[in-house]
1. Pop the C-beta distance of GLU107 and ARG288 into the FRET formula with R0 = 35 Å and round what comes out to the nearest 0.05.
2. Convert each backbone phi in the stretch 307-314 into a coupling constant with the Karplus relation 6.51 cos²θ - 1.76 cosθ + 1.60 (shift: θ = phi - 60°), then list the ³J(HN,Hα) values in order as whole Hz, x for Gly and Pro.
3. Determine the equivalent ellipsoid of the chain by diagonalising the alpha-carbon gyration tensor, then write out the semi-axes as square roots of 5 times the eigenvalues, largest first, rounded to whole Å.
4. Gain in length, ASN254 to ALA151, computed as 0.36 nm per residue apart minus the alpha-carbon separation, to one decimal in nm?
5. Run the numbers for THR333 and GLN351: contour at 0.36 nm per residue of separation, minus the present Cα-Cα distance, in nm.
6. At 1.4 Å probe size, with every protein chain present, just tell me what the per residue accessible area of the stretch 271-332 comes to in Å².
7. Within a Cβ distance under 13 Å of GLU107, other residues only, what is the Lys/Arg minus Asp/Glu net charge?
8. Which distance in Å, rounded to a whole number, links the C-alpha centroids of the stretch 268-288 and the stretch 208-261?
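The values are calculated or read from the model by the stated rules, or taken from the named source; none is laboratory data. Being a predicted model, the structure only gives us computed values, none of them experimental. Heads up, the Cβs are rebuilt from the backbone with ideal geometry, glycines too, and the neighbour counts pull from every protein chain shown. Keep in mind that these areas ignore ligands, DNA and RNA; they rest on the heavy atoms of the full protein, side chains included. Shrake-Rupley method; radii C 1.70, N 1.55, O 1.52, S 1.80 Å.
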Amino acid sequence: MKRVFLIVLDSFGIGEAPDAAEYGDQGSNTLAACFRSGFLKLPNLKKLGLFNVDGVTCGPKESAPMGAFGRCREVSIGKDTTTGHWEIAGLVSQRAMPTYPHGFPEEIIREYERLTGRKVLCNRPYSGTDVIRDYGEEAQKNGDLIVYTSADSVFQVAAHEETVPVEELYRCCRLARKLMTGEHGVGRIIARPFVGEPGSYVRTSNRHDFSLDPPGDTLLDRISAQPGLSMLSVGKIVDIFAGRGVTEAYRTENNAEGIERAVELTRKDFNGLCFVNLVDFDMLYGHRRNPEGYARALEEFDARLPEIQSLLRPDDILILTADHGCDPTFHGTDHTREYTPLLVCGPKLKQGVDLGIRSTFYRIATIAGQGLLIMLA
């Protein structure tokens, strides 16, 4: 039995990357921002060596770390979810995915209206909660689609579930996915259904991402191609990779459910990789610039970490990392270009190893031979 559990704490950066200034992110540090909130206590991540990582200047160091610890630098162009996860899985993005700080081109919107048969509202960068507050009533009344974007490479479509049923919204998003290709090949088309009445609209858990198909093989493809190996996805991993290489998918609504699924899967008999994304850090706290909430979410994960570790079998490996930063005290609401943590432990792994700086995210995991091996060199 050889199982690897790779958990991505979405947006948990640990300090500005060397090229942060090129992205306007000089001085960003997600971990330090959470620490400054005064709410952050991470005894179990501390034991693994989080505060021993080179460049981390906040928090108490562990005298005898239980894990191997280091930091990773992204080499892909961009700082979003898709490029970060793709690079973790061995696929480097050589050019940035398109973004639309002034909204999508008029010809794109007109063609989208023709394809869907529905009017488009907004077409601007917008907060997801603000956009349904400002455009929700008209969308609910007429069955219109609220199209908006952000600093990320995304085409987001919000609609009221009573006037645009969820499956119809998904159909409209699939049409957007076919439309947004080539030079307009955004990383993700995101369905954002909502319910409620004017003044009290809320987004539902029926969000769905329609990702760009990875342009090359990834770790997931290589694992699933190996006889006897399974590739288990928890959270939005299956969407980020457009379903490619996933043998079993477990969708989740929030961090709590994602952590619970991860715990359950440590009890499952399989050979291969369990790839987990915990999205609340980014979606609920990073983008909304809430350092106290971010810190408490980290504490909630930290509290469950010993349970996951206790269920590891002799040949198992646990890897904790992130896909980018999202400093909750930084200007704007965008992701931040930061180093990410690399914490590795397992019953048979040597403890207290300083891994230093990994030159790319894709150093995290590779496959060798017929078995599953996690290489840290």
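1. On the way: r = 33 Å, r/R0 = 0.94.
Computed FRET efficiency for GLU107 and ARG288: 0.60.
2. 5, 5, 4, 5, 9, 5, 8, x
3. Details: eigenvalues 241, 103, 74 Å².
Those come to 35, 23, 19 Å.
4. Values: separation 103, 0.36 × 103 = 37.08 nm, distance 2.24 nm.
Fully extending the segment from ASN254 to ALA151 adds 34.8 nm.
5. Numbers: separation 18, 0.36 × 18 = 6.48 nm, distance 3.75 nm.
Here the segment from THR333 to GLN351 would lengthen by 2.7 nm.
6. On the way: 1920 Å² over 62 residues.
Solvent-accessible surface per residue comes out at 31 Å².
7. Values: positive: ARG110, ARG114; negative: GLU106, GLU111, GLU113, GLU183.
Net charge in that neighbourhood comes out at -2.
8. Going from one Cα centre to the other spans 11 Å.
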